[in-house]
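The structure under discussion appears below in the form of C-alpha coordinates.
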Amino acid sequence: MKKLVAILGAGESGVGAAILARKQGFDVFVSDLGKIKEKYQNVLSEYAIEFEAGQHTEDKILNAELVVKSPGIPETAPLIVKLREKGIPVISEIEFGGRYTDAKTICITGSNGKTTTTLLTYHILQKAGLDVGLAGNVGKSFAWQVAEENHDVYVIELSSFQLDGMYDFRADVAVLLNITPDHLDRYGYQMQNYVDSKFRILQNQTSDDYFIYCDDDEVVKQEIGKREIASVQVPFGLGAAAVPGAGVEENRIIINLKQNQFSMSILDLSLQGKHNIYNSMAAGIASMVFQIRDEQLRESLSDFKGVEHRLEHFLKVHGIEFVNDSKATNVNSSWYALESMHKPVVWIAGGVDKGNDYSILKGLVTSKVKAIVCLGKNNAKIKEAFGDCVSDIVETMSMEEAVRAAYYLARNGDTVLLSPACASFDLFENYEDRGNQFKKQVRNL
(Lines give C-alpha, C1' and ligand atoms only; values in the text may rest on other atoms or scores of the structure.)
Protein backbone atom coordinates (compact mmCIF):
# COMPACT_ATOMS: atom_id res chain seq x y z
CA MET A 1 0.00 0.00 0.00
CA LYS A 2 1.28 3.47 -0.91
CA LYS A 3 2.23 5.87 1.89
CA LEU A 4 -0.03 8.90 2.33
CA VAL A 5 1.43 12.40 2.31
CA ALA A 6 -1.00 15.08 3.53
CA ILE A 7 -0.44 18.65 2.41
CA LEU A 8 -1.91 21.47 4.54
CA GLY A 9 -2.45 24.62 2.50
CA ALA A 10 -3.07 24.74 -1.24
CA GLY A 11 -1.13 27.83 -2.28
CA GLU A 12 2.03 27.85 -4.42
CA SER A 13 4.14 25.85 -1.95
CA GLY A 14 1.43 23.31 -1.05
CA VAL A 15 0.51 22.55 -4.66
CA GLY A 16 4.21 22.25 -5.53
CA ALA A 17 4.73 19.77 -2.69
CA ALA A 18 1.67 17.80 -3.84
CA ILE A 19 3.03 17.49 -7.39
CA LEU A 20 6.42 16.32 -6.13
CA ALA A 21 4.79 13.81 -3.76
CA ARG A 22 2.67 12.43 -6.60
CA LYS A 23 5.75 12.12 -8.85
CA GLN A 24 7.58 10.28 -6.07
CA GLY A 25 4.79 7.69 -5.93
CA PHE A 26 2.96 8.74 -2.77
CA ASP A 27 -0.78 8.87 -2.23
CA VAL A 28 -1.49 12.59 -1.79
CA PHE A 29 -4.27 14.47 -0.02
CA VAL A 30 -4.35 18.30 -0.04
CA SER A 31 -6.42 20.14 2.56
CA ASP A 32 -6.96 23.89 2.89
CA LEU A 33 -9.06 25.52 5.60
CA GLY A 34 -9.73 28.47 3.29
CA LYS A 35 -10.55 28.79 -0.40
CA ILE A 36 -8.29 27.32 -3.08
CA LYS A 37 -7.59 29.55 -6.09
CA GLU A 38 -9.06 28.24 -9.31
CA LYS A 39 -5.66 27.95 -11.01
CA TYR A 40 -4.42 25.66 -8.22
CA GLN A 41 -7.65 23.60 -8.26
CA ASN A 42 -7.09 23.05 -11.98
CA VAL A 43 -3.48 21.89 -11.43
CA LEU A 44 -4.49 19.46 -8.66
CA SER A 45 -7.26 18.04 -10.85
CA GLU A 46 -4.84 17.69 -13.78
CA TYR A 47 -2.56 15.54 -11.57
CA ALA A 48 -5.56 13.60 -10.19
CA ILE A 49 -4.69 14.74 -6.65
CA GLU A 50 -7.49 14.58 -4.09
CA PHE A 51 -8.15 17.91 -2.35
CA GLU A 52 -10.62 19.68 -0.08
CA ALA A 53 -11.28 23.35 0.75
CA GLY A 54 -12.95 25.07 3.69
CA GLN A 55 -12.19 22.25 6.13
CA HIS A 56 -9.60 19.76 7.41
CA THR A 57 -10.78 16.13 7.47
CA GLU A 58 -8.80 15.20 10.56
CA ASP A 59 -9.35 11.42 10.40
CA LYS A 60 -7.63 11.32 7.02
CA ILE A 61 -4.82 13.77 7.86
CA LEU A 62 -4.02 12.02 11.16
CA ASN A 63 -3.43 8.79 9.20
CA ALA A 64 -0.73 10.31 7.01
CA GLU A 65 2.89 9.10 7.13
CA LEU A 66 4.10 12.65 6.56
CA VAL A 67 2.54 16.12 6.60
CA VAL A 68 3.84 19.09 4.62
CA LYS A 69 2.37 22.30 5.98
CA SER A 70 2.14 25.85 4.69
CA PRO A 71 4.53 28.20 6.54
CA GLY A 72 1.55 30.37 7.45
CA ILE A 73 0.06 27.70 9.75
CA PRO A 74 1.43 28.19 13.29
CA GLU A 75 2.69 25.34 15.48
CA THR A 76 -0.09 26.18 17.94
CA ALA A 77 -2.88 25.28 15.45
CA PRO A 78 -4.93 22.44 17.04
CA LEU A 79 -4.40 20.08 14.10
CA ILE A 80 -0.60 20.57 14.21
CA VAL A 81 -0.63 19.89 17.97
CA LYS A 82 -2.54 16.62 17.34
CA LEU A 83 -0.10 15.58 14.59
CA ARG A 84 2.87 16.24 16.88
CA GLU A 85 1.24 14.24 19.69
CA LYS A 86 0.84 11.28 17.31
CA GLY A 87 4.49 11.55 16.26
CA ILE A 88 3.65 12.28 12.62
CA PRO A 89 6.47 14.35 11.04
CA VAL A 90 5.36 17.86 10.00
CA ILE A 91 7.78 19.56 7.62
CA SER A 92 7.98 22.50 5.22
CA GLU A 93 7.79 22.34 1.45
CA ILE A 94 11.46 23.38 1.24
CA GLU A 95 12.48 20.44 3.47
CA PHE A 96 10.39 18.09 1.31
CA GLY A 97 11.81 19.41 -1.96
CA GLY A 98 15.37 19.15 -0.64
CA ARG A 99 14.97 15.39 -0.22
CA TYR A 100 14.68 14.87 -3.97
CA THR A 101 17.42 17.04 -5.48
CA ASP A 102 21.22 17.17 -5.42
CA ALA A 103 21.24 20.77 -6.69
CA LYS A 104 23.34 23.40 -4.92
CA THR A 105 21.39 25.87 -2.81
CA ILE A 106 21.95 29.51 -1.87
CA CYS A 107 19.56 30.20 1.02
CA ILE A 108 18.92 33.80 2.07
CA THR A 109 17.22 34.98 5.24
CA GLY A 110 17.07 38.08 7.43
CA SER A 111 14.43 40.43 8.79
CA ASN A 112 14.95 42.90 5.92
CA GLY A 113 16.41 42.89 2.42
CA LYS A 114 16.03 39.19 1.67
CA THR A 115 13.79 39.53 -1.40
CA THR A 116 16.08 42.14 -2.97
CA THR A 117 19.19 40.05 -2.22
CA THR A 118 17.54 36.84 -3.49
CA LEU A 119 16.43 38.42 -6.77
CA LEU A 120 19.80 40.13 -7.24
CA THR A 121 21.70 36.86 -6.65
CA TYR A 122 19.39 35.05 -9.08
CA HIS A 123 19.92 37.84 -11.64
CA ILE A 124 23.72 37.53 -11.37
CA LEU A 125 23.78 33.73 -11.72
CA GLN A 126 21.22 33.65 -14.53
CA LYS A 127 23.07 36.35 -16.47
CA ALA A 128 26.30 34.37 -16.07
CA GLY A 129 24.63 31.41 -17.81
CA LEU A 130 24.04 29.07 -14.86
CA ASP A 131 20.97 26.79 -14.83
CA VAL A 132 19.35 28.45 -11.81
CA GLY A 133 15.92 28.35 -10.14
CA LEU A 134 14.31 31.02 -7.95
CA ALA A 135 12.28 29.70 -5.03
CA GLY A 136 10.99 30.15 -1.49
CA ASN A 137 9.11 33.37 -0.77
CA VAL A 138 9.72 34.53 -4.36
CA GLY A 139 9.53 32.73 -7.68
CA LYS A 140 7.95 29.32 -8.12
CA SER A 141 7.57 26.63 -5.47
CA PHE A 142 10.89 24.87 -4.80
CA ALA A 143 9.25 21.42 -4.69
CA TRP A 144 7.38 22.10 -7.95
CA GLN A 145 10.65 23.01 -9.68
CA VAL A 146 12.37 19.91 -8.27
CA ALA A 147 9.48 17.83 -9.66
CA GLU A 148 9.41 19.35 -13.14
CA GLU A 149 12.58 21.35 -13.85
CA ASN A 150 15.43 20.32 -11.51
CA HIS A 151 17.94 23.14 -11.95
CA ASP A 152 21.65 22.91 -11.03
CA VAL A 153 21.41 25.73 -8.47
CA TYR A 154 18.51 27.24 -6.51
CA VAL A 155 18.45 30.67 -4.93
CA ILE A 156 15.91 30.39 -2.10
CA GLU A 157 14.45 33.17 0.03
CA LEU A 158 13.57 31.73 3.45
CA SER A 159 11.37 33.24 6.14
CA SER A 160 11.70 32.18 9.76
CA PHE A 161 8.41 30.26 9.34
CA GLN A 162 9.91 28.17 6.54
CA LEU A 163 13.12 27.57 8.51
CA ASP A 164 11.05 26.30 11.45
CA GLY A 165 9.84 23.38 9.29
CA MET A 166 13.31 22.38 8.03
CA TYR A 167 15.32 19.60 9.70
CA ASP A 168 17.63 17.63 7.36
CA PHE A 169 17.88 20.31 4.66
CA ARG A 170 21.33 21.83 4.19
CA ALA A 171 22.22 25.15 2.58
CA ASP A 172 25.45 25.04 0.55
CA VAL A 173 25.57 28.82 0.91
CA ALA A 174 23.69 30.40 3.83
CA VAL A 175 23.16 34.18 3.87
CA LEU A 176 21.99 35.98 7.03
CA LEU A 177 21.43 39.69 6.36
CA ASN A 178 20.24 41.02 9.72
CA ILE A 179 17.96 40.24 12.65
CA THR A 180 15.56 42.84 14.02
CA PRO A 181 12.31 42.26 15.96
CA ASP A 182 9.67 40.79 13.63
CA HIS A 183 6.87 38.20 13.87
CA LEU A 184 7.26 38.27 17.65
CA ASP A 185 3.56 37.42 17.94
CA ARG A 186 4.47 34.02 16.44
CA TYR A 187 7.42 33.49 18.81
CA GLY A 188 5.77 34.07 22.19
CA TYR A 189 7.03 37.69 22.13
CA GLN A 190 10.51 36.29 22.88
CA MET A 191 13.23 37.77 20.66
CA GLN A 192 15.56 34.81 21.32
CA ASN A 193 13.01 32.38 19.86
CA TYR A 194 12.96 34.43 16.65
CA VAL A 195 16.78 34.66 16.60
CA ASP A 196 17.09 30.88 17.03
CA SER A 197 14.68 30.41 14.15
CA LYS A 198 16.82 32.55 11.83
CA PHE A 199 19.98 30.67 12.82
CA ARG A 200 18.40 27.40 11.67
CA ILE A 201 19.75 28.42 8.25
CA LEU A 202 23.11 27.04 9.49
CA GLN A 203 21.86 23.60 10.48
CA ASN A 204 23.70 20.64 8.91
CA GLN A 205 26.33 22.86 7.26
CA THR A 206 29.84 21.37 6.91
CA SER A 207 33.32 22.81 6.37
CA ASP A 208 32.64 22.70 2.60
CA ASP A 209 29.77 25.19 2.94
CA TYR A 210 29.65 28.99 3.32
CA PHE A 211 28.02 31.26 5.89
CA ILE A 212 27.74 34.86 4.67
CA TYR A 213 26.59 37.33 7.33
CA CYS A 214 26.42 41.04 8.17
CA ASP A 215 29.20 41.89 10.60
CA ASP A 216 27.58 45.26 11.37
CA ASP A 217 24.45 43.62 12.83
CA GLU A 218 24.88 43.45 16.62
CA VAL A 219 22.38 40.61 17.15
CA VAL A 220 24.00 38.45 14.46
CA LYS A 221 27.53 39.12 15.81
CA GLN A 222 26.49 38.35 19.37
CA GLU A 223 24.83 35.07 18.36
CA ILE A 224 27.81 33.92 16.29
CA GLY A 225 29.93 34.26 19.42
CA LYS A 226 27.65 31.77 21.20
CA ARG A 227 27.68 29.09 18.50
CA GLU A 228 30.04 26.57 16.98
CA ILE A 229 29.87 27.09 13.22
CA ALA A 230 31.33 24.46 10.91
CA SER A 231 31.09 26.35 7.62
CA VAL A 232 33.45 28.97 6.13
CA GLN A 233 32.44 32.31 7.68
CA VAL A 234 32.36 35.28 5.27
CA PRO A 235 31.43 38.57 6.99
CA PHE A 236 30.43 41.77 5.21
CA GLY A 237 30.04 45.32 6.51
CA LEU A 238 30.72 48.97 5.81
CA GLY A 239 34.25 48.86 7.27
CA ALA A 240 37.42 47.35 5.75
CA ALA A 241 36.97 43.99 4.01
CA ALA A 242 38.06 40.88 5.92
CA VAL A 243 39.69 37.90 4.17
CA PRO A 244 37.44 36.17 3.30
CA GLY A 245 34.80 38.89 3.46
CA ALA A 246 33.51 42.14 2.01
CA GLY A 247 33.64 45.79 2.99
CA VAL A 248 33.72 49.35 1.71
CA GLU A 249 37.02 51.18 1.22
CA GLU A 250 37.25 54.65 -0.41
CA ASN A 251 33.68 54.37 -1.72
CA ARG A 252 34.38 51.00 -3.33
CA ILE A 253 32.93 47.60 -2.49
CA ILE A 254 35.77 45.12 -1.95
CA ILE A 255 35.04 41.36 -1.86
CA ASN A 256 37.80 38.88 -0.94
CA LEU A 257 37.01 35.22 -1.65
CA LYS A 258 38.95 32.17 -2.86
CA GLN A 259 42.19 34.09 -3.53
CA ASN A 260 40.23 36.60 -5.65
CA GLN A 261 39.53 40.26 -4.94
CA PHE A 262 36.55 42.00 -6.57
CA SER A 263 36.27 45.81 -6.52
CA MET A 264 33.52 48.17 -7.71
CA SER A 265 32.51 51.78 -7.00
CA ILE A 266 29.37 52.04 -4.86
CA LEU A 267 28.24 54.84 -7.23
CA ASP A 268 27.95 52.24 -10.03
CA LEU A 269 25.56 49.98 -8.08
CA SER A 270 22.05 49.97 -9.52
CA LEU A 271 20.62 49.83 -5.97
CA GLN A 272 21.51 52.93 -3.96
CA GLY A 273 21.30 53.54 -0.21
CA LYS A 274 23.16 52.05 2.74
CA HIS A 275 20.90 48.98 3.08
CA ASN A 276 21.39 48.18 -0.61
CA ILE A 277 25.20 48.24 -0.23
CA TYR A 278 24.70 45.41 2.26
CA ASN A 279 22.36 43.57 -0.13
CA SER A 280 24.79 43.99 -3.05
CA MET A 281 27.75 42.71 -1.00
CA ALA A 282 25.81 39.65 0.18
CA ALA A 283 24.68 38.80 -3.38
CA GLY A 284 28.19 39.44 -4.70
CA ILE A 285 29.85 37.08 -2.21
CA ALA A 286 27.27 34.32 -2.84
CA SER A 287 27.84 34.63 -6.58
CA MET A 288 31.62 34.52 -6.22
CA VAL A 289 31.30 31.14 -4.48
CA PHE A 290 30.12 29.95 -7.92
CA GLN A 291 33.18 31.41 -9.72
CA ILE A 292 31.30 34.22 -11.48
CA ARG A 293 33.78 36.36 -13.45
CA ASP A 294 34.45 39.91 -12.23
CA GLU A 295 33.12 41.63 -15.35
CA GLN A 296 29.87 39.60 -15.24
CA LEU A 297 29.38 40.41 -11.56
CA ARG A 298 30.09 44.12 -12.10
CA GLU A 299 27.61 44.30 -15.00
CA SER A 300 24.85 42.51 -13.06
CA LEU A 301 25.29 44.68 -9.96
CA SER A 302 24.96 47.78 -12.13
CA ASP A 303 21.96 46.81 -14.29
CA PHE A 304 19.62 45.10 -11.77
CA LYS A 305 16.16 46.67 -11.88
CA GLY A 306 15.08 46.39 -8.22
CA VAL A 307 12.00 44.86 -6.60
CA GLU A 308 8.36 45.86 -7.01
CA HIS A 309 6.76 47.16 -3.78
CA ARG A 310 10.19 47.89 -2.22
CA LEU A 311 10.98 51.63 -2.25
CA GLU A 312 9.42 51.77 -5.70
CA HIS A 313 9.39 55.42 -6.86
CA PHE A 314 6.07 55.07 -8.63
CA LEU A 315 4.61 58.34 -9.90
CA LYS A 316 4.61 62.13 -9.49
CA VAL A 317 1.24 63.89 -9.27
CA HIS A 318 1.30 67.72 -9.21
CA GLY A 319 4.88 67.70 -7.93
CA ILE A 320 4.14 65.14 -5.17
CA GLU A 321 6.15 61.91 -5.46
CA PHE A 322 4.39 58.66 -4.49
CA VAL A 323 6.67 55.84 -3.24
CA ASN A 324 5.38 52.28 -2.89
CA ASP A 325 7.15 50.45 -0.05
CA SER A 326 4.32 48.03 0.73
CA LYS A 327 6.87 45.27 1.32
CA ALA A 328 7.91 47.06 4.54
CA THR A 329 6.02 44.75 6.89
CA ASN A 330 8.13 45.52 9.97
CA VAL A 331 9.50 48.57 11.79
CA ASN A 332 13.08 48.13 10.60
CA SER A 333 12.04 48.10 6.92
CA SER A 334 10.20 51.38 7.45
CA TRP A 335 13.31 52.77 9.20
CA TYR A 336 15.34 52.12 6.02
CA ALA A 337 12.62 53.73 3.91
CA LEU A 338 12.35 56.87 6.05
CA GLU A 339 16.12 57.11 6.32
CA SER A 340 16.40 57.25 2.52
CA MET A 341 13.83 60.08 2.13
CA HIS A 342 15.22 63.58 1.49
CA LYS A 343 11.97 65.60 1.19
CA PRO A 344 9.10 66.20 3.65
CA VAL A 345 7.11 62.94 4.00
CA VAL A 346 3.43 62.14 4.36
CA TRP A 347 3.70 58.61 5.72
CA ILE A 348 0.98 55.97 5.17
CA ALA A 349 1.44 53.33 7.89
CA GLY A 350 -0.43 50.65 9.82
CA GLY A 351 -1.96 47.21 9.47
CA VAL A 352 -1.58 44.09 11.61
CA ASP A 353 0.84 44.93 14.41
CA LYS A 354 3.27 42.04 15.07
CA GLY A 355 4.46 43.26 18.46
CA ASN A 356 6.04 46.40 17.00
CA ASP A 357 8.25 48.76 18.98
CA TYR A 358 8.00 52.09 17.16
CA SER A 359 10.52 53.90 19.39
CA ILE A 360 13.43 53.39 16.94
CA LEU A 361 11.50 55.45 14.36
CA LYS A 362 10.90 58.44 16.63
CA GLY A 363 13.95 60.48 15.58
CA LEU A 364 13.36 59.93 11.85
CA VAL A 365 9.64 60.67 12.13
CA THR A 366 10.31 63.88 14.08
CA SER A 367 12.80 65.14 11.48
CA LYS A 368 11.20 63.92 8.23
CA VAL A 369 7.45 63.27 8.61
CA LYS A 370 4.94 66.13 8.39
CA ALA A 371 1.79 63.95 8.59
CA ILE A 372 0.80 60.32 9.16
CA VAL A 373 -2.10 58.56 7.47
CA CYS A 374 -3.04 55.44 9.44
CA LEU A 375 -4.34 52.57 7.32
CA GLY A 376 -5.61 49.69 9.45
CA LYS A 377 -8.25 48.46 11.85
CA ASN A 378 -6.26 49.27 14.98
CA ASN A 379 -4.04 52.37 14.89
CA ALA A 380 -3.79 53.06 18.63
CA LYS A 381 -0.07 52.18 18.92
CA ILE A 382 0.91 54.41 15.99
CA LYS A 383 -1.04 57.36 17.41
CA GLU A 384 0.45 56.77 20.86
CA ALA A 385 4.02 56.50 19.49
CA PHE A 386 3.97 59.62 17.30
CA GLY A 387 1.14 61.80 18.63
CA ASP A 388 3.59 64.13 20.36
CA CYS A 389 5.87 64.68 17.35
CA VAL A 390 3.45 64.78 14.37
CA SER A 391 0.50 67.15 14.56
CA ASP A 392 -1.51 65.66 11.68
CA ILE A 393 -2.46 62.00 12.19
CA VAL A 394 -5.44 60.83 10.13
CA GLU A 395 -7.22 57.47 10.35
CA THR A 396 -8.50 55.69 7.22
CA MET A 397 -10.07 52.31 6.48
CA SER A 398 -9.37 51.83 2.76
CA MET A 399 -6.52 52.47 0.34
CA GLU A 400 -8.65 54.92 -1.64
CA GLU A 401 -9.27 56.95 1.52
CA ALA A 402 -5.59 56.75 2.56
CA VAL A 403 -4.19 57.91 -0.79
CA ARG A 404 -6.68 60.79 -1.02
CA ALA A 405 -5.93 61.89 2.55
CA ALA A 406 -2.16 61.78 1.89
CA TYR A 407 -2.61 63.74 -1.35
CA TYR A 408 -4.50 66.53 0.45
CA LEU A 409 -1.92 66.68 3.26
CA ALA A 410 1.07 66.83 0.86
CA ARG A 411 2.36 69.86 -1.06
CA ASN A 412 4.42 70.29 -4.24
CA GLY A 413 7.90 68.86 -3.52
CA ASP A 414 6.72 66.45 -0.78
CA THR A 415 6.82 62.64 -0.85
CA VAL A 416 3.91 60.34 -0.01
CA LEU A 417 5.45 57.13 1.33
CA LEU A 418 3.47 53.92 1.76
CA SER A 419 5.72 52.02 4.21
CA PRO A 420 3.30 50.32 6.60
CA ALA A 421 5.70 48.72 9.18
CA CYS A 422 2.92 46.14 9.64
CA ALA A 423 1.47 43.04 7.98
CA SER A 424 -1.35 43.56 5.51
CA PHE A 425 -3.89 40.91 6.41
CA ASP A 426 -6.49 43.15 8.08
CA LEU A 427 -7.53 44.92 4.85
CA PHE A 428 -5.58 43.20 2.04
CA GLU A 429 -4.71 39.73 0.74
CA ASN A 430 -0.97 40.35 1.08
CA TYR A 431 1.61 43.12 0.68
CA GLU A 432 1.45 42.81 -3.14
CA ASP A 433 -2.30 43.43 -3.09
CA ARG A 434 -1.73 46.42 -0.78
CA GLY A 435 0.97 47.84 -3.10
CA ASN A 436 -1.10 47.28 -6.23
CA GLN A 437 -4.12 48.99 -4.67
CA PHE A 438 -1.88 51.92 -3.68
CA LYS A 439 -0.65 52.30 -7.27
CA LYS A 440 -4.19 52.01 -8.65
CA GLN A 441 -5.47 54.78 -6.33
CA VAL A 442 -2.48 57.03 -7.13
CA ARG A 443 -3.27 56.64 -10.84
CA ASN A 444 -6.88 57.63 -10.07
CA LEU A 445 -5.90 60.99 -8.50
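Under a Gaussian network description of the chain, with springs only between Cα atoms under 10 Å, the residue in Ile372, Ile94, Ile393 that fluctuates furthest is Ile393. Take the stretch 17-159, drop everything but the C-alpha atoms, weight them equally and run the Debye formula without solvent; then report log10 I(q)/I(0) at 0.16 Å⁻¹ to two decimals. Ignoring solvent entirely, the Cα scatterers give -0.94. Only Cα sites of the stretch 119-214 enter the Debye sum here, all with the same form factor; the resulting log10 I(q)/I(0) across q = 0.13, 0.17 1/Å is -0.51, -0.84, listed in q order.
Once the Cβ-Cβ distance of Glu50 and Arg99 is raised to the sixth power relative to R0 = 22 Å, the FRET efficiency obtained is 0.50.
DSSP loop trypsin sites (Lys or Arg not before Pro) in the stretch 46-89 with at most 16 other Cβ atoms within 10 Å of their Cβ, which ones?
On the way: sites: Lys60, Lys69, Lys82, Arg84, Lys86; in loops: Lys86.
Hits after loop and neighbour filter: Lys86.
The stretch between Glu401 and Lys35, if pulled fully straight at 0.36 nm per residue, gains 128.9 nm over its current Cα-Cα span.
For the chain, what does the helix formula give at 222 nm: sum of -39500 (n - 2.57) over DSSP H segments with n ≥ 4, over the residue count, nearest 500 deg cm²/dmol?
Working: 17 runs with 155 residues, N = 445.
Helix-only estimate at 222 nm: -10000 deg cm²/dmol.
First select every other residue whose beta carbon is under 12 angstrom from the beta carbon of Asp102; then total the charges, Lys and Arg +1, Asp and Glu -1. Result for the local shell: +1.
In debye, nearest 20, what is the charge dipole magnitude of the chain about its Cα centre with +1 on Lys and Arg Cβ and -1 on Asp and Glu Cβ, if you could check?
Values: 47 positive and 59 negative charges, 106 e Å.
The dipole magnitude comes to about 500 debye.
How would Asp32, Asp102 line up by accessible area, probe 1.4 Å, largest first?
Working: Asp32 25, Asp102 155 Å².
Accessible-area ranking of Asp32, Asp102, largest first: Asp102, Asp32.
From Cα pairs below 8 angstrom and at least 6 apart in sequence, can you work out the relative contact order of the stretch 281-387, rounded to a whole percent? Here the relative contact order equals 19 percent. Between Asn379, Asn412, Asn324, the Cα set farthest toward the positive side of the dipole of the stretch 293-445 (charges on each charged residue's Cβ, about the Cα centre) is that of Asn412.
What is the percent of Cα-Cα separations in the stretch 30-100 that go past 17 Å? Please list the in-between numbers first.
On the way: 1218 of 2485 pairs.
Percentage above 17 Å: 49.
In the structure shown, do any of Lys82/Lys104; Lys127/Lys258; Lys316/Lys377; Lys69/Lys440 have a Cα-Cα gap over 26 Å, and if so which? The answer is Lys82/Lys104; Lys316/Lys377; Lys69/Lys440.
Within the stretch 322-445, the ratio Rg/Rh, alpha carbon atoms throughout and Rh by Kirkwood, equals 0.91.
Could you list log10 I(q)/I(0) for the stretch 147-279 at q = 0.09 Å⁻¹, which the Debye formula gives when each Cα is one point scatterer? Computed log10 I(q)/I(0) values: -0.31. Lys and Arg at +1, Asp and Glu at -1: add these up for the other residues within a Cβ distance under 12 Å of Lys368 and post the number. Result for the neighbourhood of Lys368: +1. Based on Cα contacts under 8 Å between residues 6+ apart, the chain shows a relative contact order of 11 percent. Take the Cβ atoms of His318 and Asp168, set R0 to 60 Å, and the FRET efficiency comes out at 0.60.
With 0.36 nm allotted per residue and the present C-alpha distance subtracted, the Glu295-Asn204 stretch has 29.4 nm of extension available. Accessible surface calculations at 1.4 Å, restricted to protein heavy atoms, place the stretch 326-367 at 33 Å² per residue.
How much net charge surrounds Ile61 when only the other residues with a Cβ under 15 Å from the Cβ of Ile61 are counted, with Lys and Arg +1 and Asp and Glu -1? Residues close to Ile61 contribute a combined charge of -2. Size of the stretch 224-349: Rg and Dmax of its alpha carbons, in Å, are 17.1, 57. For the stretch 1-19 and the stretch 307-355, what is the separation of their Cα centres, given in Å? Result: 37 Å between the Cα centres.
Can you tell me how much longer the chain between Cys389 and Asp196 gets when fully stretched, taken as 0.36 nm per residue apart minus their C-alpha distance, in nm with one decimal?
Numbers: separation 193, 0.36 × 193 = 69.48 nm, distance 3.56 nm.
Length gained between Cys389 and Asp196: 65.9 nm.
Panel values: the chain, Kirkwood radius from alpha carbon pairs, Stokes-Einstein at 4 °C and 1.567 mPa s, translational diffusion coefficient 56 µm²/s.
Taking every DSSP beta bridge with both residues inside the chain, roughly what % is antiparallel (nearest 5)? Of the beta bridges lying entirely in the chain, close to 25 percent run antiparallel.
The values are calculated or read from the model by the stated rules, or taken from the named source; none is laboratory data. Bear in mind the structure is a predicted one, so any value in this text is a computation, not a measurement. Quick reminder, even Gly has a Cβ in these numbers, built from the backbone with ideal geometry, and neighbours come from all protein chains shown. Areas reflect the complete protein model, heavy atoms only, side chains present, ligands, DNA and RNA absent. Shrake-Rupley method; radii C 1.70, N 1.55, O 1.52, S 1.80 Å.
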